[in-house]
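Trainee: Starting off with a structure, shown below.
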């Protein structure tokens with residue numbers, strides 16, 4: 001292709017994109033209608049000028065169009081992780097329609113921007129919609145986890161955990177909101193969260209107890225191992241499901257026999273979760289079980305077993321076979337690739353071999369990197385960037 005042809009192609013692409021962009025904004029601003037779905041990607045990564053433009057037209061769109069638009073954006077973002085519609089979802093957090101707010105909250109589920117914390121907390125405490133409060137509680141969970149990973153400053157972390165604790169301990173709060181709050185706070189052991197989990201497990205409501213067992217798994221705290229393993233035998237399907245997941249999250253080797261039995265449970269969800277849990281725990285018995293199910297005629301179970309096997313090999317197996325040796329293999333410096341396989345070792349010997357293999361004698365605790373993502377950022381600069389600054393406090397006047 002000649003330089004002129006390439007230039008011609010570039011102009012054609014730019015012209016088509018400009019036409020699609022014009023069509024998108026015309027549908028929204030002039031016609032008040034849902035744009036063509038194939039044009040919606042142009043709303044990804046909006047800059048300030050287009051954010052203000054969207055805000056101006058947003059209040060003029062019908063509730064049906066707003067719902068349809070947000071739903072389509074959520075599906076696009078789920079299918080393509082490079083799509084970023086967070087500016088639109090943030091704007092919709094203040095929509096007057098509860099269904100719109102719920103979709104906006106869920107659309108921001110993967111966004112780790114700390115500036116969302118006060119918005120989510122406010123909605124958890126004040127939103128009149130049960131579904132919106134429930135979604136806000138669920139959305140706050142990632143910030144608790146980020147705080148535990150030291151990727152969030154202490155103030156927003158503690159603010160998040162305390163808000164979730166208050167929501168759960170408020171007996172007038174809707175039960176589903178309390179459950180989501182309990183599940184979201186579980187990543188931390190601060191502010192009395194372990195005691196809250198223990199008290200929740202002792203409650204009479206079965207749903208709260210299910211959430212308590214889920215919280216036990218998320219806590220990564222071995223203290224819950226005996227309870228979680230016992231609940232694998234529960235006659236209640238939902239409890240067995242949550243206990244199965246918790247065993248995988250806690251990597252309870254003691255539960256392997258029960259998990260193998262649950263791969264034949266009457267509930268396919270529990271079967272699939274048991275396969276996942278075995279992949280998390282590892283060991284020869286788990287590997288053999290997963291290999292057996294990988295050849296199953298049930299496509300869903302076979303696929304789940306294959307994925308679990310991949311995770312087992314990655315976390316517990318022989319990484320030399322997973323990644324493979326270098327293409328050129330000669331000399332003593334490549335000797336590290338000649339690793340013995342682990343297939344014939346007992347589970348205990350396998351653990352010890354893995355520890356010896358990957359131990360780094362030169363590693364110093366003092367050299368551990370500080371993972372706090374705020375170290376290189378100016379706090380005042382962060383505050384100045386709040387996208388909500390472009391949203392007026394008197395938005396109510398714009399709604400009919």
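Trainee: Being surrounded by fewer than 20 Cβ atoms within 10 Å (Cβ to Cβ), touching a residue at least 12 places away in the same chain (Cβ under 8 Å) and touching a helix residue (DSSP H, G or I) at 6+ places or on another chain (Cβ under 6 Å), is that true of even one residue in the stretch 127-136?
Mentor: Yes, the stretch 127-136 contains at least one residue that is surrounded by fewer than 20 Cβ atoms within 10 Å (Cβ to Cβ), touching a residue at least 12 places away in the same chain (Cβ under 8 Å) and touching a helix residue (DSSP H, G or I) at 6+ places or on another chain (Cβ under 6 Å).
Trainee: Can you pull out the residues in the stretch 254-300 that are under 26 Å from the mean Cα position of the chain (by Cα) and surrounded by fewer than 18 Cβ atoms within 10 Å (Cβ to Cβ)?
Mentor: Once the filter is applied, which keeps residues that are under 26 Å from the mean Cα position of the chain (by Cα) and surrounded by fewer than 18 Cβ atoms within 10 Å (Cβ to Cβ), the stretch 254-300 yields 267, 268, 269, 299, 300.
Trainee: If I filter the stretch 46-74 down to residues being part of a loop (DSSP other than H, G, I, E, B) and touching a helix residue (DSSP H, G or I) at 6+ places or on another chain (Cβ under 9 Å), which single residue comes out as farthest from residue 99 (Cα to Cα)?
Mentor: Of all residues in the stretch 46-74, those part of a loop (DSSP other than H, G, I, E, B) come to 46-47, 59-62.
Among the residues that remain, those that are also touching a helix residue (DSSP H, G or I) at 6+ places or on another chain (Cβ under 9 Å) are: 46-47, 59-61.
On the way: 46: 23, 47: 26, 59: 15, 60: 17, 61: 15 Å.
Going through the qualifying residues, I end up with 47.
Okay, residues lined up against (1) more than 23 Å from residue 151 (Cβ to Cβ); (2) outside any helix (DSSP H, G or I):
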| residue | (1), (2) |
| --- | --- |
| 76 | yes, no |
| 84 | no, yes |
| 87 | no, no |
| 90 | no, no |
| 94 | yes, yes |
| 101 | yes, no |
| 104 | yes, no |
| 111 | no, yes |
| 124 | no, no |
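Trainee: Modelled with pLDDT of 95 or more and within 20 Å of residue 177 (Cα to Cα): is that true of residue 124 in this structure?
Mentor: Working: modelled with pLDDT of 95 or more: yes; within 20 Å of residue 177 (Cα to Cα): yes.
So residue 124 fits the description; yes.
Trainee: Determine the pairs where a residue that is without any contact (Cβ under 8 Å) to a residue 24 or more places away in the chain, located within the stretch 248-267, has a partner that is in a helix (DSSP H, G or I) and buried (at least 18 other Cβ atoms within 10 Å of the Cβ) with Cβ atoms under 8 Å apart, the partner being 6 or more residues away or on another chain.
Mentor: So the pair list comes out as 264/271.
Trainee: If you go through the stretch 206-226, how many residues are surrounded by 16 or more Cβ atoms within 10 Å (Cβ to Cβ) and either assigned to a helix (DSSP H, G or I) or at positive phi (or both)?
Mentor: Here is the first cut: in the stretch 206-226, the residues surrounded by 16 or more Cβ atoms within 10 Å (Cβ to Cβ) are 208-219, 221, 224-225.
Still in the running and either assigned to a helix (DSSP H, G or I) or at positive phi (or both): 208-219, 224-225.
Adding up the residues that qualify gives 14.
Trainee: Kindly indicate whether residue 188 is touching a residue at least 40 places away in the same chain (Cβ under 8 Å) and assigned to a loop (DSSP other than H, G, I, E, B). Spell out how you get there, then give the answer.
Mentor: Working: touching a residue at least 40 places away in the same chain (Cβ under 8 Å): yes; assigned to a loop (DSSP other than H, G, I, E, B): yes.
Yes: the conditions hold for residue 188.
Trainee: What tally of residues in the stretch 183-195 results from selecting those that are surrounded by 20 or more Cβ atoms within 10 Å (Cβ to Cβ) and farther than 15 Å from residue 158 by Cα?
Mentor: Qualifying residue count, the stretch 183-195: 1.
The values are calculated or read from the model by the stated rules, or taken from the named source; none is laboratory data. Note that the structure is a prediction, hence the values are computed from the model and not measured. For neighbour counting, all protein chains shown are included, and Cβ atoms are generated from backbone atoms with ideal geometry for every residue, glycine included.
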